[in-house]
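The structure appears below as structure tokens.
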Amino acid sequence: MKIVIRSTAGQAMSLTARIMEHALRRDPAMTLGLATGRTMDGVYADLVQAHRQRGLDFSRCQTFNLDEYVGVPPSSGRSYRAYMDTHLFSQVNIARSATHVPDGMAPDLAAHCGEYEHSLHASGGVDLQLLGLGRNGHIGFNEPFSAFTSRTRVVTLDPATRDQNRDMFGGDPDHVPYHAITMGVGTILDAHRIVVLVTGTAKAAALADMIEGPLTASTSATALQMHANCLVIADETAAAALSRRPFIDHMMRHDAELKALVS
């Protein structure tokens, strides 16, 4: 696991977008794993700008999103499909058939989860997976006590997660769905490369647990410690609780790859 700390959330988002842009330019036919949420708004805005101003080509890639709410139709403005269409897909040259988001309205959710997992593997797997981090340490919607070997499935959302996402549903947590489809922890760990973007004071404790805490199913993000190619990008406020900050700063100064990333 490598860690880059930027001064502001905007700088962290821009660096994340730059890494994704470079990866897509090196391999235009790559498979991207995508995440949603306010933390990702700036990343997708920068990628759209790269497409419009620097000709970043999305026509040969395909995407798989991490998750979707159960019971929310894709046409709803509250769905993650709508989020992706609005923030990225409708603004770049990617075919809708190349974009995959779980369907929370599938008549047979278990079968749909199996089909989603199969489609992902048939694509050759995710080349670059973008992740955020939940306040309770979840990745995707893998809530506390998710098995590290878990695959795409329906999960029950933690009350803390439903409260965190209430703004999407008019501010009332009672309107947030109780269930979601998510890639499993094991599915996420299969990605060839992972980039985790974490910003804000509210994520500081979860980030410290993810990086410095013991491996535990009660914090699904700790599984990322086992991944061979995981980069964490955080702003100063999210990194505030890290006890090994001097070592991280030292690593950034002396690791040639990290220096190239932030140049």
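Which is the longest stretch in the chain that no exposed loop site breaks, taking sites as chymotrypsin sites (Phe, Trp or Tyr not before Pro) with a DSSP loop state and at most 16 other Cβ atoms within 10 Å? Intermediate values should be presented prior to the final figure.
Details: sites that count: Phe145, Tyr178.
Within the chain, the longest run free of exposed chymotrypsin sites (Phe, Trp or Tyr not before Pro) spans 1-144.
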Quick note, segment 171-239: a/c under 1.5 would make it rounded; otherwise a/b > b/c is prolate and the rest oblate (a ≥ b ≥ c, C-alpha gyration tensor); here it is oblate
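With a 1.4 Å probe and all protein chains left in place, how much accessible area per residue does segment 2-141 have, in Å²? Before the final figure, lay out the partial values.
Numbers: 5550 Å² over 140 residues.
On a per-residue basis, segment 2-141 sits at 40 Å².
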In Å², rounded to a whole number, the accessible area per residue of segment 208-263 with probe 1.4 Å is 49
Over the chain, calculate the relative contact order: mean separation of alpha carbon pairs under 8 Å at least 6 apart, over the residue count, as a percent. 24
Trypsin sites (Lys or Arg not before Pro) lying in DSSP loop within segment 14-66, provided at most 16 other Cβ fall within 10 Å: Arg60
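Of the heavy-atom accessible surface of segment 16-172 (probe 1.4 angstrom), what whole percent is carbon and sulfur? Display every interim value, and only then the final one.
Details: 3320 of 6560 Å².
Its accessible area is 51 percent carbon and sulfur atoms.
Only loop residues by DSSP count here, and only those with at most 15 other Cβ atoms within 10 Å; note down the GluC sites (Glu not before Pro) in segment 58-157 that meet that. Display every interim value, and only then the final one.
Details: sites: Glu68, Glu115, Glu117; in loops: none.
Counting only loop positions with at most 15 other Cβ atoms within 10 Å, none of the GluC sites (Glu not before Pro) in segment 58-157 qualifies.
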SASA check, Ser7, accessible area w/ 1.4 Å probe, all protein chains in place, rounded to nearest 10 Å², comes out at 80
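Answer rounded, prolate or oblate for segment 86-129, using the Cα gyration tensor with square roots of eigenvalues a ≥ b ≥ c: rounded when a/c is under 1.5, else prolate when a/b is larger than b/c, else oblate. Show your work: numbers first, answer last.
Values: a/c = 2.63, a/b = 1.37, b/c = 1.92.
Here segment 86-129 falls in the oblate category.
The values are calculated or read from the model by the stated rules, or taken from the named source; none is laboratory data. This structure is a prediction, so every number in the text was calculated from the model and none was measured. All Cβ positions, glycine included, derive from the backbone under ideal geometry; neighbour counts span all protein chains shown. Please note that ligands, DNA and RNA were not included when accessible areas were found on the heavy atoms of the full protein model with its side chains. Shrake-Rupley method; radii C 1.70, N 1.55, O 1.52, S 1.80 Å.
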